[in-house]
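Structure record follows, encoded as structure tokens.
The values are calculated or read from the model by the stated rules, or taken from the named source; none is laboratory data. Keep in mind that what you see is a predicted model, and the values were worked out from it rather than measured. Using ideal geometry, Cβ is built from the backbone for each residue, glycine included, and neighbour counts are taken over all protein chains shown. Surface accessibility is based on the protein's heavy atoms, side chains included, excluding ligands, DNA and RNA. Shrake-Rupley method; radii C 1.70, N 1.55, O 1.52, S 1.80 Å.
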Amino acid sequence: MRKILFFILACLMLFYFAYWRLPSTQDVVLKLPEPEEKTILVPLDSRPVCTTLPQDIAYVTGVQLILPPKELLDKYTKPANTDFLRIWLKNEARNAKSSIISTDLLLHGGLLHGRTHLANEEEQTQVITLLNELTKEQSNAKIFSIVPRLLVSDEILPDAWYWYHLMRYSEALDTSLTFGDFASAQTYAKYDAEIPAEIKAKYLNIFKASENFNTKLLKLGSKADILIGQDDAAAFGLPRMTTERISLNPNASKARLTSGADELATLLVTKSYLDKQAAKPKIYVQYADPKSKFMHAPYMSMSNDQAVREALEIIGAIEAKDEQSADIVLFINYGNDNFKPNKNTVQSIQNYLVQGKPLAIVDNSQNFDTDELLLPKLTSENIELNKLTAYAGWNTLGNSLGTALCQAAVFVTRKAELPQELHPALYGENLRLNINRFLDDYYYQKLKHASLAHDLYVNYIDSRNLEPDDKTMVEHHLMAYTSLRAHQILHTNLGRTPFYKQEGKSYYLTDIIPSTQLPWNRIFEVDIKAHPKFGVK
């Protein structure tokens, strides 16, 4: 019996040292210099993707983003205090050299409220006047505005009862006018008759107001960078029609019209940085499945390839003709009904990492299915995820693309600027950003979100409107969950192999301490911040 116990103990110790124990290192603090330059950011809303993410990217570039006080920002169903926000911006702009400004926060109080709030002429004029004054003081201001999404009022009754009807009505209206086919005309007539007149009028007026405001905004195009995006849209519908009508305006050539919403601030932060650089990053785009290049991902009004080209042009990067001449490989996985990542896909990733080529991965799924994602395949094959330059797998391709592309472009360009002794800190900060994405985009959104929503539902808790006690309970649960997942991925090649080597020194990730909160009283998004520790060997 004693021999069996000794044998089991020996096996456990062997497993610990061979597969679980991290390399022995000396603790080291890796920190980039504090930013010296400051830029104002009026975010799209208060969610982390619109505030923390652009702040993180700006920090790597050596810029501190100054945001409005939290008490002025929106809080889910409560819009931002637009009157005081405009006063705050007017005062702050006097002492700032540059600004990145969301008109939706100033006009509507946030992205969600832009779906329901019909801004009148007086409100529109107030915002345009303020922006006109600001652009006289700042020559490099960047302003972005959002055309409302396809489903603008799906959370308000009785509008929510007609969300499907409104979507089909919108798409049929566009296709019937575009192609003039009988089937589209029939569909349009069917839903036109079924939707109550007051709900239909409200829906149409939101887009008319958006078109009216953005047409006024275009007149500022010679004084500032203007970017007009589309919230969650589709290949056809009123968002596309509205954007097309805006593009026909004589002043449209002074602005850029694109898809997407949440990622626009991060794109503009990156553009601001790259505009100052003599050499622009060269990026080679590779698709895991070449056919996916021409597909339309969910919530996108353009094909994947169009979205990629738009993003490259917005930040000012150059598309490389081949991987040899590229500074970065942008690897796009778009899993779908006809393609799922396989061993060949994983081998392609491994080859790039072996070559030391900076690699940014956009990891998306048509059906939001983990089998269509690349990250679980890379993890199961023990690929060195700490060697990735960037990773993002948000629920929309636009968000993922804007995140991974910007992070990689900033990292590679910043590396060429910084002295050698600061490279370990740059790599450490970049690894922290990737860990945030692993924990949020995959472990929370893909593995946890749906089951959490179900558990709350069976306990009669509304996951879209949590009571304070329920929100606290969920946050404690998610804190335990993300801590467990962080510990789990730490003991893969994320922590078992060095993430950077320099002059005989190897730098390791030695611990991940995550903090987890719900920014709003719903579980749709989560604010995960990784606090890594590092060691040197």
Fill in the blank from the handout: Taking the range 232-246 and the residues there that are touching a residue at least 60 places away in the same chain (Cβ under 8 Å) and among the charged types (D, E, K, R), the one that is nearest to Met302 (Cα to Cα) would be Arg240
Completion exercise
Expected single match for out of contact with any Asp or Glu (no Cβ under 8 Å at 6 or more places or on another chain), aliphatic (A, V, I, L, M) and either modelled with pLDDT under 95 or open to solvent by 40 Å² or more (accessible area, probe 1.4 Å) (or both) among Leu484, Leu466 is Leu484
Practice task
Select from the range 182-207 the residues that are surrounded by 13 or more Cβ atoms within 10 Å (Cβ to Cβ) and either within 30 Å of the chain's Cα centre (by Cα) or among the charged types (D, E, K, R) (or both) and write down the one among them that is nearest to Ala235 (Cα to Cα).
Solution key: Phe207
Fill in the blank from the handout: Taking first residues from the range 27-39 that are under 14 Å from Pro54 (Cβ atoms) and of a type in the set (D, E, K, R) and second residues anywhere that are open to solvent by less than 100 Å² (accessible area, probe 1.4 Å) and in a loop (DSSP other than H, G, I, E, B), the pairs with Cβ under 8 Å that are 6 or more apart or on different chains are Lys38/Ala96
Exercise for the section: Being at pLDDT 95 or above, in a helix (DSSP H, G or I) and on the phi < 0 side of the Ramachandran plot narrows it down to one of Ile489, Ile512, so name that one. Expected result: Ile489
Exercise for the section: Please work out which one of (1) crowded, with 24+ Cβ neighbours inside 10 Å; (2) in a helix (DSSP H, G or I) is the condition Val354 fails and give its number. Expected result: (1)
Exercise for the section: Taking Glu319 as the residue in question, decide whether it is among the charged types (D, E, K, R), under 19 Å from the mean Cα position of the chain (by Cα) and either on the phi < 0 side of the Ramachandran plot or crowded, with 20+ Cβ neighbours inside 10 Å (or both). Expected result: no
Exercise for the section: Look at Leu30 and say whether it is at pLDDT 70 or above, over 15 Å from Lys271 (Cα atoms) and in contact with a His (Cβ under 8 Å, 6 or more places away or on another chain). Expected result: no
Problem - Within the range 48-73, considering residues that are more than 19 Å from the chain's Cα centre (by Cα) and open to solvent by less than 30 Å² (accessible area, probe 1.4 Å), the one nearest to Glu429 (Cα to Cα) - result: Gly62
Practice task
Scan the range 147-167 residue by residue and report those that are small (Gly, Ala, Ser), within 23 Å of Glu244 (Cα to Cα) and either in a helix (DSSP H, G or I) or touching a Cys at 6+ places or on another chain (Cβ under 7 Å) (or both).
Solution key: none
Exercise for the section: List the number of the failed condition for Ala141; all other conditions in (1) crowded, with 21+ Cβ neighbours inside 10 Å; (2) modelled with pLDDT of 95 or more hold. Expected result: (2)
Fill in the blank from the handout: Counted residues in the range 214-231 being outside any strand (DSSP E or B) and either crowded, with 21+ Cβ neighbours inside 10 Å or in contact with an Asp or Glu (Cβ under 9 Å, 6 or more places away or on another chain) (or both) come to 5
Practice task
Report yes if Ile523 is under 19 Å from Asp440 (Cβ atoms), in a strand (DSSP E or B) and at pLDDT 95 or above, otherwise no.
Solution key: no
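A quick yes/no check of all residues on (1) open to solvent by 10 Å² or more (accessible area, probe 1.4 Å); (2) at pLDDT 95 or above; (3) outside any strand (DSSP E or B):
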| site | (1), (2), (3) |
| --- | --- |
| Gln324 | yes, no, yes |
| Ile332 | no, yes, no |
| Ile349 | no, yes, yes |
| Ile361 | no, yes, no |
| Asn367 | yes, no, yes |
| Lys377 | yes, yes, yes |
Handout entry: Glu310 open to solvent by 30 Å² or more (accessible area, probe 1.4 Å), in contact with a helix residue (DSSP H, G or I) (Cβ under 7 Å, 6 or more places away or on another chain) and of a type outside the set (Gly, Ala, Ser)
Key = no
Handout entry: Matching residues in the range 382-412 - criterion: being aromatic (Phe, Trp, Tyr) and either modelled with pLDDT under 95 or in a loop (DSSP other than H, G, I, E, B) (or both)
Key = Trp394
Exercise for the section: Answer yes if at least one residue in the range 168-181 is part of a helix (DSSP H, G or I), in contact with a Ser or Thr (Cβ under 9 Å, 6 or more places away or on another chain), of a type in the set (Val, Ile, Thr) and open to solvent by less than 60 Å² (accessible area, probe 1.4 Å), and no otherwise. Expected result: yes
Fill in the blank from the handout: Within the range 237-290, of all residues that are among the aliphatic types (A, V, I, L, M) and in a loop (DSSP other than H, G, I, E, B), the one surrounded by the fewest Cβ atoms within 10 Å (Cβ to Cβ) is Ala278
Fill in the blank from the handout: Those residues of the range 92-103 that are open to solvent by 10 Å² or more (accessible area, probe 1.4 Å) and either under 13 Å from Ala265 (Cα atoms) or of a type in the set (A, V, I, L, M, F, W, C) (or both) come to a total of 1
Problem - Selection count, the range 102-131, where residues are farther than 16 Å from Lys216 by Cα and in contact with a Lys or Arg (Cβ under 7 Å, 6 or more places away or on another chain) - result: 1
Exercise for the section: Mind telling me which of the residues Ser325, Ser303, Ser348 ends up being more than 29 Å from Thr243 (Cβ to Cβ), more than 17 Å from the chain's Cα centre (by Cα) and free of Cβ contacts under 8 Å to residues at least 60 places away in the same chain? Expected result: Ser325
Practice task
Check Leu106, Leu130, Leu89, Leu85 and return the single one that is assigned to a helix (DSSP H, G or I), open to solvent by 10 Å² or more (accessible area, probe 1.4 Å) and at pLDDT 95 or above.
Solution key: Leu130
